[in-house]
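Working notes, structure below.
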Amino acid sequence: MKKLFALSTLLMLTIAVLSACSNKEGEKVFVYNWGEYIDEDVIALFEEETGIQVIYEEFEQNEDMYPKIESGAVNYDVVCPSDYMVQKMIENDLVQEINFDNIPNFKYIDSTYLESASEFDPGNKYSVPYTWGTVGILYNKTKVDEPVDSWDIIFDEKYQGEILMIDSVRDAFAIALKYLGYDLNTTNEAELEEAKALLKKQYPLVQAYVVDQVRDKMIGDEAALGVIYSGEAIYTSRENPNLEYVVPKEGSNVWIDAWVIPKNSKNKENAEAFINFMCDPEIALKNFEYITYSTPNFGAWELIEDEEVKNSPVAFPSQEVLDRCTAYRYLGEEMESNYIQKWNEVKGE
Amino acid sequence: MVKKFIKKFYVGLILIFLYAPIFILIGLSFNKSKSRAKWGGFTLHWYKELFQNQSIMNALYTTLIIALLSALIATLIGTAASLAISNMKKTPRAILVAITNIPMLNADIVTGISLMLLFVAMRFTLGFSSVLISHITFNIPYVILSVMPKIKQLNPHTYEAALDLGASPIYAFFKVILPDIFPGVLTGFFLAFTMSLDDFVITHFTKGPQINTLSTKIYTEVRKGIKPEIYALSTLMFIAVLLLLILINRRNAEKK
């Protein structure tokens, strides 16, 4: 007994001493990013080149990240929210303007995406796009023998039980609204009710409401049609060559994840150095190859060696496709609750 | 005849339900393809990748160290608390037992968020220590729960007899009381260890940057797809626990 007591005290003291010793002095930058959203070698390269230590943290959803920033529990220097969340943070005064003099590599970000980004960040003052993509239909060529070019196919009774619908309120309503010809950022009650009715009609046709399970299900030939993000489409097509991706003619959502600097950041210049490093074409290319989500960095795009990937209409769709895609705007708490309420009514049956 | 078969069949069914997911996991850890829907060929690639992946290894060490330390400290505090509580008068004892039971009855998320708010209010930076303190906090009730019944079963007179015979209180504690309550203390320790290993919600809210336990690390991978290195890790942990249990049961069987 005495021995155990002595041993445990010794252990505790050792841990205490060790943890006190590990407080390294020097420049730091606290980065808060999505899980699996960076090539880890890139972090090591950044630390080598700039001497700034990277404290890297990951989150799974925008809604998980927001309360951590809002409460000031941890002072992150660089965060990567999605489009509508960037706008929400701007409106709630949680981010600060970026000094673009410190980010010369910003010139490599294609202006098309900056235009889309100004939907949620007017003037592009607070954010730097990191990845982007579209929402579209992934279909199995062996199960669908008609041409797929419109959203109407996922509302078609012919495919009952073979449809995987996305389990996300904004994305589901975006699809319905675009199909009906409305703006996917609409606040018009009549239009929303119409969209809701359409989604309700689709309910009995849906095999399952999924987000990331759609990948494995489509690869396993378990369904004919699925709604998916373009970044995942590249991965699934590689695993199952029967799968094709298309952005329907009525249009869709273009989503952008962008770097922002929170107001309570303590290392603003280090943050800007980090963002600048991410915009370097070689680094952006490395990240693109790891994440497989499209990059807005045309310097990186030019460096892509694989012709198939470079000209892939999935990863890098034409201007014509992009023109019919819209980015999300944050609609305010009340309207967001309205959307969620309607979505619950759709799934509640 | 039929009854025996039905009994065995029923047990078999239960075992299948319990272990089917684990066996699928083990199978997938050798799958060349990342997707669960396709068998891409046998490979040990993910096991190799696992040991080279710094962030997963760090999460593993953090998980084990926090579980071990918090269980140890909680056991010490919990045992001392149990002794104190059992010597109290009826009312204070009833109140303290009720307070002790609250963290167990509460949803984890309530404990997690309230701890996070406490740390923010005290301007205590979130990091390794905040997670450790939180784990100790929710482990103590489990230790108390395990030790109290053992103390109740004690013969109160042996302690007094030891004092009468000239032992100092501390000597009497270590030689008389502790051996009797030791099974309860050990159970409390293992229970605390398991609860700490298992925890996700409380760790999620009280951890600082770069601190990850296995559960929070796996959670961050859900959006892009869980890496097969995690399947490899889970297989290894399962085999480790299995071997441990086989060893312990062998020793117990030999003793008898």
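Only the coordinates and a few stated rules stand behind these numbers; no lab work does. All values reported here derive from a predicted model rather than from experimental measurement. For neighbour counting, all protein chains shown are included, and Cβ atoms are generated from backbone atoms with ideal geometry for every residue, glycine included.
Please work out the Cα center distance from segment A:172-219 to segment B:220-256, rounded to the nearest Å. Distance between centres, Cα-based: 42 Å. Computed from phi, the 3J(HN,Hα) profile of segment B:185-190 under the Karplus parametrisation 6.51, -1.76, 1.60 (θ = phi - 60°) reads 4, 5, 4, x, 4, 5 Hz, with x in place of Gly and Pro. Amide H contacts of A:Thr131 (H built 1.01 Å from N, in plane; Pro and chain starts excluded): A:Asp257 sit under 5 Å, all sequence-distant by 5 or more or on other chains. Each of B:Arg36, A:Arg329 was scored by other Cβ atoms within 10 Å of its Cβ. Listed from fewest to most, they are A:Arg329, B:Arg36.
Listed from fewest to most Cβ neighbours within 10 Å, the set B:Tyr61, A:Tyr290, A:Tyr159 follows the order B:Tyr61, A:Tyr290, A:Tyr159. If you filter segment A:270-313 for GluC sites (Glu not before Pro), then keep DSSP loop positions with at most 13 other Cβ within 10 Å, what is left? Counting only loop positions with at most 13 other Cβ atoms within 10 Å, the GluC sites (Glu not before Pro) in segment A:270-313 are A:Glu305.
Against chain A, whose longest principal axis is taken from its Cα atoms, helix A:281-291 shows a tilt of about 70°. Counting only other chain Cβ atoms within 10 Å of each residue's Cβ, the peptide A:49-57 averages 2. For the pair segment B:44-108 / segment A:39-75, the C-alpha centres are spaced 28 Å from each other. With unit charges on the beta carbon (Lys/Arg positive, Asp/Glu negative), name the residue among B:Ile77, B:Ala107, B:Thr235 whose Cα is farthest towards the positive pole of the charge dipole of the protein assembly as shown. Of the candidates, B:Ile77 comes out farthest on the positive side. Backbone geometry of segment A:93-105 corresponds, through the Karplus equation with coefficients 6.51, -1.76 and 1.60 at θ = phi - 60°, to 3J(HN,Hα) couplings of 6, 9, 10, 10, 5, 8, 8, 6, 5, 8, 10, x, 6 Hz, x marking Gly and Pro. Applying both filters, DSSP loop and at most 15 other Cβ atoms within 10 Å, to the trypsin sites (Lys or Arg not before Pro) of segment A:38-139 gives A:Lys125. Residues whose amide H comes within less than 5 Å of that of A:Thr326, counting only those at least five positions distant or on another chain, are A:Ser252, A:Asn253, A:Val254 (H built at 1.01 Å from N in the peptide plane). Helical content alone sets the calculated 222 nm signal of chain A at -12500 deg cm²/dmol, taking -39,500 (n - 2.57) per DSSP H segment of four or more residues and averaging over every residue.
In this rough spin-label picture, where each label sits 7 Å from Cα along the Cβ direction, the B:Asn155-A:Glu302 distance is 9.0 nm. The sum of -39500 (n - 2.57) across all DSSP H runs of n ≥ 4, divided by the residue count of chain B, sets its helix-only mean residue ellipticity at 222 nm to -26000 deg cm²/dmol.
Sorted from fewest to most neighbouring beta carbons within 10 Å, what does the list A:Asp41, B:Asp180 look like?
Details: A:Asp41 12, B:Asp180 15.
Lowest to highest Cβ neighbour count: A:Asp41, B:Asp180.
Distance from the Cα centroid of segment B:129-170 to that of segment A:292-337 is 62 Å (rounded to whole angstrom). Computed from phi, the 3J(HN,Hα) profile of segment B:238-248 under the Karplus parametrisation 6.51, -1.76, 1.60 (θ = phi - 60°) reads 4, 5, 4, 5, 4, 4, 4, 5, 4, 4, 4 Hz, with x in place of Gly and Pro.
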